[in-house]
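Participant: Below you'll find the structure I mean.
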Amino acid sequence: MISVVELTKRFASGGQNVLAVDRLSFSVSPGEVYGLMGSNGAGKTTTLRMILGLVEPTSGFAEVEGFRTSEHPDEVKSRIGLVSTSAGLYQWLTPREMLLFFADVYGLDAKAAAQNLERMVSWFDLYDFLDRRCGYLSTGQKQRVNLARSLIHDPPVLLLDEPTRGLDVMGSKVIFDFISAARRDGKSVIVCTHRLDEAEQFCTRFGLMHRGRLMHEGTLAELQAATGSTTLSEMFLAGLAQSGPQEDAA
Amino acid sequence: MSAPPPPSPPAAPPGHTRVPQHDLGRWLRLARKELRETLRDRRTIVTLLLMPILVYPLLSMGFRQFLISSFDKPGGWTFLIAAESVEAANLIQREVIQAGDELLRAERGALASAAAGADPADSADEELAPGEPRAEFVHVEPVSDLDESVSSGKYDLAIRLATFAEGTQERPQRVHVRYELIYREGSPPGQMLVQFVERRLAAVNQFRLQRRLLTTGRSTHIPNSWTYNLVKAPPNQSLLTLVPLILILMTITGAVYPAIDLTAGERERGTLESLMAAPVPRLGMLFAKYVAVVTVALLTAAMNLTAMFITAYSMGLTQYIFGEAGLSITTVLLIVLLLVLFAAFFSAVLLAVTSFARSFKEAQAYLIPLMLLAISPGLFTLMPSVEMNVVLAVTPLLNMVLLARDVLHGTANPLLAGMAIVSTILYALLAIALAARVFGSDAMLFGSQASWSDLFRRPERPRTAPTLSGVALCTALAFALQSVGGGLLAALAGEGASLEFAYIGSAIVTILLFLVLPLIMALAQFVPVTAAFQIRGASPVAFAGALLLGLSLWPLAHELILFSGLIDPDLLDKVRAQAAEIRSISPALLILSVAIVPAVCEEWFFRGYLLGAIRERTSAWSAILLTALLFGLFHVFVTVILPVRFLPSLSLGIVLGYVCWRTGSVLPGMLLHAVHNGLLILMGRYQTQLAQWGFGASETQHVPPLWLAAAAAVALIGLALVWASGRPAGAEQKPAALPVPS
């Protein structure tokens, strides 16, 4: 379960006080995939980082499984798996070494780490390159190792930041399967993407962000009823047309 | 037709055992991963293995070639030989240099022409021994003091002559000359000239013996003999002086790449976000990286030193570097210990600097000026006039360089050496704390307008306790500045300053560093003062217990000081000197500066600030012991008495830590501390009067057993009262029960 309440982030940029996220509130239940969508700079990634505790909010708070990020950051972090396309691998380590390292970092003992490694190897089919150094893996193989890394501690919550960016059709399919499986497994999932067409395939609920604010929120049917548009793209474009100039950057 | 849904991953094993965050084994495993990653990187291997293997033999070959060509070419170096008088100089010039040289040339020429039929003169001219100077560049001059002329380095060799004659007094006949060759230890020109003279004297001997044999049919006495006299070189003229500079270069060379790779490199590779998203404390992560960087720096330096020694040995250069005795086991051990200190310091500093960088490029830009800055103090070792003192002993980098110089020359002062080592370790801790504060902070992580001011950024919400990195930073600053503050006070006061000035100054420094500094840090970290320093009320029973402890612990402290004196009797002399010193100071000033100010400030810092923060992350007794250890170390380095203060302060620290933990407040501990210090200082102040009343012992006599027993009984009652006072509600350092997960 993820709860975001009045989450706000301001930061200075080039002498300007920029409002990156503006009083954002939403929640994601177990087994739900929440699509947080918006154009570049909408505040999606900053929101994820505040939930995870990597960025301190200016006001408001986020809770994961009942733990407030600002008060119990380690409890929150241990319950979240982060998937980001910008995440790299340790090129001089093998996938086995890297996954066991992250299992250790997440506090798993050796037995639990070995069991989870076995599950990850099986689930993501890492057998062929488990002991090859990450620097020598293909893009698709790296992507699978990254997904395995995010799940090695079996978190109940998953945060995915632009997970399909730069991937081909097959690579994207691996991600879709991953999200579907996580949903069936009862995990709470937030997917940040600007690929609205993709989001329609696997998200159960949507939040459309623009300039740090949540413009619309609901299931696809609810959003269609509320906006009169058929697709997410149409809704988003309509929302952009309605929004005024950015008032908050001061 | 849609594809069948992918299978779900198998269910996770129930009830994962989670390893505690601050488990040392886990930190070491993290360090192993960092080390493994670094050592597999081929760039590390190049620095670690190939550079030393290739560079030193090439350098030494070049050096050797340079020496040979410099000595051999016309207009090359001029070599100077000192003689006792003009007559002696003329004799050496004529009999040794000219005659010997001609004989050698003739001999070589004859050999060459016999072998190849070439012109003997040409061959002889070409065939001087490799590296040997030409005779025309060797000058002999008269001087007044032969030994001084060599030891000062003005002359490469000095020759003292002793002539033995026979025949009548009217017609003495010279039959034998003994040449005493005086040269300086570790002087390459000196040793070359010795060989030069030896060869020529041997040639002259051989020629004269042959001639005598031909003319008289018998060989008589040997005309010339020679002995050696090695003059000790002054410390600053030995090549050993360059070792500190070499250690700086080696440890920096080894640490630079891993420091950049493990900090800025994490960000550039995109692994930093994944790492910071995990529940691992930054200090632990930095510790792991630090271990890896220190290890690589040590390995690189060890490889460099080994390659250097092997090269020097194979080229016959060890005596130039380490003197006639060559390289001893003691010297090797000293160099290894110094190497560890240098590596510990530079690895921490480099990590701190590179933690600010967002890319390899930026890190390199930061490190170039740092490296230049680091090398320049190495030049101080070449200045014999720069001597280690209290201020230099706590000046970063300079203290290490001077320490290395003095240790290798056997002239180190143990007190100043100890100060230099401890302050260097503290600076390293300070740098790691700084790195932990910066590394992976959101600004560094995402590059959003970060600056150095982020270090002191105030969080949005109040914290329940000080952060460990903040406490480490504050401790390192306080310890280091305490020494600098003491040194500055002494410098400001000059030699004629009054004792009162010293005591008032010391109290002010204590207030600034142990009360004001942590207060600023706590406010900057948004920790409420009551929580940061454990300012809470305590029951009257707790205060009564603390008072009894304060009144009864002094005999134990006294006995521990005597015990320390057994280990080093000189320490007791220092205790006596201090006891004599305080008798001239007013009791009010003593009470204020030695009892009240330290009691309030040290309890505020050690039990309030330190114990509270450490207690957050470990068990009560671990926190009490660690704090007491720091308390003991602080008292070792805050005074010139040194180790004699350690045991009493450690023991008192344990009692004070227990009192604070048990009562949940620093206030009873302040009372205990003030009474304890006050009693000790007043007993020292009024020792003469007390002795007249038949009460009290001198600072070197044991406390009577009855007194000890009575004091122990009172102390036990005091402890029982503290224990009985119980932990007040809300005094628990750990956060309240975690919210129940929904």
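The values are calculated or read from the model by the stated rules, or taken from the named source; none is laboratory data. These numbers come from a predicted model, not from an experiment. Cβ: placed from backbone, ideal geometry, glycine included. Neighbour counts: every protein chain shown.
Participant: Can you name every one of the helices (runs of 4 or more DSSP H) wholly within the stretch B:348-440 that holds 2 or more residues which are aromatic (F, W, Y)?
Facilitator: Once the helices (runs of 4 or more DSSP H) in the stretch B:348-440 are filtered for at least 2 residues that are aromatic (F, W, Y), what remains is B:360-375.
Participant: Look through A:V21, A:V4, A:V28 and report the one residue that is more than 9 Å from chain B (Cβ to nearest Cβ), under 12 Å from A:H210 (Cα atoms) and among the aliphatic types (A, V, I, L, M).
Facilitator: A:V21
Participant: What strands (runs of 3 or more DSSP E) lie completely within the stretch A:116-229 and have 2 or more residues being within 30 Å of B:R36 (Cβ to Cβ) and either hydrophobic (A, V, I, L, M, F, W, C) or free of Cβ contacts under 8 Å to residues at least 12 places away in the same chain (or both)?
Facilitator: A:157-161
Participant: To continue, here is another question. So how many residues does the stretch A:133-156 have that are away from every other protein chain (no Cβ under 13 Å) and surrounded by fewer than 16 Cβ atoms within 10 Å (Cβ to Cβ)?
Facilitator: 3
Participant: Regarding the stretch A:155-173, can at least one residue be identified that is closer than 27 Å to A:E75 by Cβ and in contact with a Pro (Cβ under 8 Å, 6 or more places away or on another chain)?
Facilitator: Yes, the stretch A:155-173 has at least one match.
Participant: Look at B:A613 and say whether it is hydrophobic (A, V, I, L, M, F, W, C), farther than 22 Å from B:L719 by Cβ and without any contact (Cβ under 8 Å) to a residue 12 or more places away in the chain.
Facilitator: no
Participant: Next question, about the same structure. A:A42 versus (1) touching a residue at least 40 places away in the same chain (Cβ under 8 Å); (2) within 10 Å of chain B (Cβ to nearest Cβ); (3) surrounded by 22 or more Cβ atoms within 10 Å (Cβ to Cβ): which is the lone unmet condition?
Facilitator: Single failed check for A:A42: (2).
Participant: Return the residues of the stretch B:526-556 that are outside any helix (DSSP H, G or I) and either touching a Cys at 6+ places or on another chain (Cβ under 9 Å) or surrounded by 22 or more Cβ atoms within 10 Å (Cβ to Cβ) (or both); say none if nothing qualifies.
Facilitator: Residues satisfying the conditions are B:V527, B:Q534, B:A538, B:L553.
Participant: Filtering the stretch B:593-626 down to residues that are among the hydroxyl-bearing types (S, T, Y) and more than 16 Å from B:F533 (Cβ to Cβ), which residue is modelled with the lowest pLDDT?
Facilitator: B:T618
Participant: Report, by residue number, each residue of the stretch A:79-101 that is assigned to a helix (DSSP H, G or I), touching a residue at least 12 places away in the same chain (Cβ under 8 Å) and crowded, with 21+ Cβ neighbours inside 10 Å.
Facilitator: A:P95, A:M98, A:L99, A:L100 - these are the residues of the stretch A:79-101 that are assigned to a helix (DSSP H, G or I), touching a residue at least 12 places away in the same chain (Cβ under 8 Å) and crowded, with 21+ Cβ neighbours inside 10 Å.
Participant: Among A:L48, A:L54, which is the only one that is within 11 Å of another protein chain (Cβ to nearest Cβ), within 21 Å of A:R213 (Cα to Cα), at pLDDT 90 or above and out of contact with any Ser or Thr (no Cβ under 8 Å at 6 or more places or on another chain)?
Facilitator: The conditions single out A:L48.
Participant: From the set of residues in the stretch A:57-74 that are on the phi < 0 side of the Ramachandran plot and small (G, A, S), which is farthest from the other protein chains (Cβ to nearest Cβ)?
Facilitator: If we take residues in the stretch A:57-74 being on the phi < 0 side of the Ramachandran plot and small (G, A, S), then A:A62 is farthest from the other protein chains (Cβ to nearest Cβ).
Participant: Within the stretch A:76-90, track down each residue that is touching a Leu at 6+ places or on another chain (Cβ under 8 Å), modelled with pLDDT under 90 and at the interface with chain B (Cβ under 8 Å from one of its Cβ atoms).
Facilitator: Listed by number, the list holds a single entry, A:S84.
Participant: Would you pick out the residues in the stretch A:1-51 that are part of a strand (DSSP E or B) and among the acidic types (D, E)?
Facilitator: Of everything in the stretch A:1-51, those that are part of a strand (DSSP E or B) and among the acidic types (D, E) turn out to be A:E6, A:D22.
Participant: Can we say A:R165 is within 21 Å of A:R49 (Cβ to Cβ), surrounded by fewer than 20 Cβ atoms within 10 Å (Cβ to Cβ), out of contact with any helix residue (DSSP H, G or I) (no Cβ under 7 Å at 6 or more places or on another chain) and within 13 Å of another protein chain (Cβ to nearest Cβ)?
Facilitator: Considered against the rule, which asks whether it is within 21 Å of A:R49 (Cβ to Cβ), surrounded by fewer than 20 Cβ atoms within 10 Å (Cβ to Cβ), out of contact with any helix residue (DSSP H, G or I) (no Cβ under 7 Å at 6 or more places or on another chain) and within 13 Å of another protein chain (Cβ to nearest Cβ), A:R165 comes out as yes.
Participant: So, one more: So, in the stretch B:266-296, exactly how many residues are part of a helix (DSSP H, G or I), facing another protein chain (nearest Cβ under 7 Å) and not aliphatic (A, V, I, L, M)?
Facilitator: 3
Participant: Also, I was wondering about something else. Having 2 or more residues that are more than 21 Å from B:A599 (Cα to Cα) and at pLDDT 90 or above is the bar; report the helices (runs of 4 or more DSSP H) wholly within the stretch B:650-737 that clear it.
Facilitator: B:705-725
Participant: Also, quick follow-up: Which condition from (1) under 16 Å from the mean Cα position of the chain (by Cα); (2) without any contact (Cβ under 8 Å) to a residue 12 or more places away in the chain; (3) more than 8 Å from every other protein chain (Cβ to nearest Cβ) is the one that A:G35 breaks?
Facilitator: (2)
Participant: Can you tell me which residues in the stretch B:206-224 are at pLDDT below 75 and in contact with a helix residue (DSSP H, G or I) (Cβ under 8 Å, 6 or more places away or on another chain)?
Facilitator: Within the stretch B:206-224, B:R218, B:S219, B:T220, B:I222, B:P223, B:N224 qualify.
Participant: Now a separate question. For the stretch B:456-479, what are the residues that are assigned to a loop (DSSP other than H, G, I, E, B) and at pLDDT below 80?
Facilitator: Result: B:R457, B:R458, B:P459, B:E460, B:R461, B:P462, B:R463, B:T464, B:A465, B:T467.
Participant: Okay, next question. Look through the stretch B:297-314, keep the residues that are within 19 Å of the chain's Cα centre (by Cα) and small (G, A, S), and return whichever of them is nearest to the other protein chains (Cβ to nearest Cβ).
Facilitator: My answer is B:A297.
Participant: Can you find even one residue in the stretch A:91-109 that is away from every other protein chain (no Cβ under 12 Å), among the hydrophobic types (A, V, I, L, M, F, W, C) and within 25 Å of A:A181 (Cα to Cα)?
Facilitator: no
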